[in-house]
Each structure stands twice: as structure tokens, then as C-alpha cells.
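Read the figures in this text as sums done on the coordinates, not as results from a lab. Owing to the predicted nature of the structure, the values given are computational and were not obtained by experimental measurement. Heads up, the Cβs are rebuilt from the backbone with ideal geometry, glycines too, and the neighbour counts pull from every protein chain shown.
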Amino acid sequence: MDTHMKAVTDRLFGEDGLRASNFKLFPGKNRDVTPEQVAQEINASFDKLQAGDFEDITALEDN
Amino acid sequence: MSRYGDLYAYCQGLAPPICRNLIKAKVLEITGVTALSIRATGLDENLIYGYYFSARNAEHPAVRQEKGPVIVVARSLNRCWKRFVIVKELMHMFDDPLEHMSTAVDLESVLTHFLSPASRTFTPQMLSEIRCLWMALACFCPEEIRQELQAKRAAGLISDRDIADKIRIPEKYIPNLFDPRYKEVVGGLIV
């Protein structure tokens, strides 16, 4: 398994990770990318969540 | 009627543009989940628009402050794309356990399928991705209004851009709304 794929699957499903019961995704606009690149991006985003680099848009009215 | 069927029935009484918070509240009511968080963060749109996860390890730093499932979406997306991605991911709260992605093999399989158009492998996880896209689409446009728009579109009286503006979803998915198989697909989702 490639490096970033292993890192994200450990993070998502590993005993010391999130132990996610379900993970689903919406792929980006470019399908000419590799699973390893997507895995790296997912992993980087979790770093951002942990660092507080996000906006809470749970209650945002969007219509 | 399926749990999604309950949601679909509820959405028929709403007027576009339908706020995703109404859809979210109804999904929580139907599933019995008391809370769900939605986060916007930096995601490369070339790679991924967003994702959904439910974590069993409540002590993990990424989720310690969360209550319940989390939807993450690229902050760079415009309003229409954000709400469509969010609602599509919301639909995964109706996933059957057999459709859950909970292992490395599941994730690799789905990513390979997404990124390889010629792939013939349709795992339950991949099928749920496809299904939830249609489920989200049907939430945004009540059937009566869809049929009115279909007639106007067929007569050349309204463009896909106009329809996208009216129901506030990405123009890319407007053709799906008028796909000849739409009624058959959605009909199969609500039973």
C-alpha cells in the first residue's frame, strides 16, 4: 500500500485512529489523479480539522 | 416506504430553493441521530469536494469536539456546489451497514472506481455513492416542479443555467434531473 493511502486508512480505520464506521466522499473535478493523491488530500484535511482550520457551517442558511 | 422515502415525501412539500438545513433536520429526525456537524476547510477541488464520516473513537483529536457524524466540504466551492455536496453526503446517513466504508480495502476500491471510468467493479460502497447522488438531486426539486421545468426546458423556454439558479444546485447536474430514467431511478429509491 502506498504511503499516503496507508496513513489515511490508519487514521480513518485504525485502532488508534477514528475507527470510522462509515466514510464516504465526493470526488473532485479532475479524474486524472491517483488514489494516492486523494488519500494525501484527505489526510491533510484531517490535520486542518485538528488544528482548528475550518469554519463551522452546520447552521448556515444556504438558500 | 423506505426512510429515504419519508425524506422524499417531506421535500415534495417544499418550495425551491430548498434550504439544506430543512433537509438536514428531517434526516436527523428520520435517523434518530441527534447531531451532525458540517465543516468547511481547505480541500483541493481537483482531488475532492468533500466527505462524510462517522467515528467510533470519540476521543480522537479530530472529533473530540464533534457530536455525531461530520461532513467536510471544500471552502472554495460556491454556494450551489457546497449545498449539493453537503446534501449528497447527508444521504449516506441512510446507508445500509453493508454499504459502509469501514476498511482500507473499501476505500481503495471506491477510489479506484471513481478514478477509473472503465472499472466494472460495483461494490455496495460504490453503489451507495451513485445512489446518494440521485437521492440528493431528488431532494432539491419536488416532482411537480421538475415536470413543469421539464416541459419548459423541452420547449426551449428555460435554460439549464436558469434551472440551476432556480433550485440552487450545480448546472452540471441539471441534465440528470431530466434523464429519461429519472422517474425509474427515484421510484426505486423511495420504496
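Using the 10 angstrom Cβ neighbour count as an exposure proxy, how do B:Lys26, B:Lys166 rank, fewest first?
B:Lys166, B:Lys26
What ranking do B:Arg3, B:Arg153 get, fewest neighbouring Cβ atoms within 10 angstrom at the top?
Lowest count first: B:Arg3, B:Arg153.
Does region B:116-191 come out rounded, prolate or oblate by the C-alpha gyration tensor, with a ≥ b ≥ c the root eigenvalues, rounded set by a/c under 1.5 and, if not, prolate when a/b is larger than b/c and oblate if not?
Prolate, since a/c reaches 1.5 and a/b exceeds b/c.
In straight Cα distance, which aspartates and glutamates are under 18 Å from B:Lys166, not counting same-chain residues fewer than 8 positions off?
A:Glu61, A:Asp62, B:Glu143, B:Glu144, B:Glu148
What average number of partner chain Cβ atoms lie no more than 10 Å from the Cβ of the residues making up B:95-107?
5
Quick one: which of B:Lys24/B:Lys172; B:Lys24/B:Lys67; B:Lys82/B:Lys183 span more than 19 angstrom between C-alpha atoms?
In this structure, B:Lys24/B:Lys172; B:Lys82/B:Lys183 lie more than 19 Å apart at Cα.
Can you list residues whose amide H is under 5 Å from A:Gly14's amide H, if they're 5+ apart or on another chain and H is modeled 1.01 Å from N?
A:Arg19
Sorting B:Met101, B:Met93, B:Met1, A:Met1 on the 10 Å Cβ count, fewest up front, what's the list?
Fewest-to-most ranking of B:Met101, B:Met93, B:Met1, A:Met1: B:Met1, A:Met1, B:Met93, B:Met101.
Given q = 0.17 Å⁻¹, what are the Debye log10 I(q)/I(0) values for the protein assembly as shown, with equal point scatterers placed on the Cα positions and solvent ignored?
Debye intensities relative to I(0), on a log10 scale: -1.38.
Determine, at each q value in 0.13, 0.19 (inverse angstroms), the log₁₀ of I(q)/I(0) that the Debye formula gives when each Cα of region B:1-123 is one equal point scatterer.
Cα-only, vacuum Debye calculation for region B:1-123: -0.62, -1.28.
Please compute, for peptide B:63-72, the average count of beta-carbon atoms on other protein chains lying within 10 Å of each residue's beta-carbon.
Going residue by residue through B:63-72 and averaging, the value is 3.
I'm checking a number: the convex hull volume of the Cα atoms of region B:51-191, normalised per residue, in Å³. What is it?
Hull volume over Cα atoms, normalised by residue count, gives 145 Å³.
As a check on your grasp of the helix formula, calculate [θ] at 222 nm for the protein assembly as shown: sum -39500 (n - 2.57) over DSSP H runs of n ≥ 4, divide by the residue count, round to the nearest 500.
Using -39500 (n - 2.57) per qualifying helix, the result is -14500 deg cm²/dmol.
Other chains near B:34-46: what is the mean number of their Cβ atoms within 10 Å of each residue's Cβ?
Mean partner-chain Cβ count within 10 Å for B:34-46: 6.
Of all the C-alpha pairs in chain A, what % are more than 14 Å from each other?
66 percent
Which net charge results when you count Lys and Arg as +1 and Asp and Glu as -1 among the other residues whose beta-carbon is under 11 Å from that of A:Gly28?
-2
Can you give the % of DSSP beta bridges in region B:20-83 that are antiparallel, to the nearest 5?
Bridges in region B:20-83 that DSSP calls antiparallel: roughly 45 percent.
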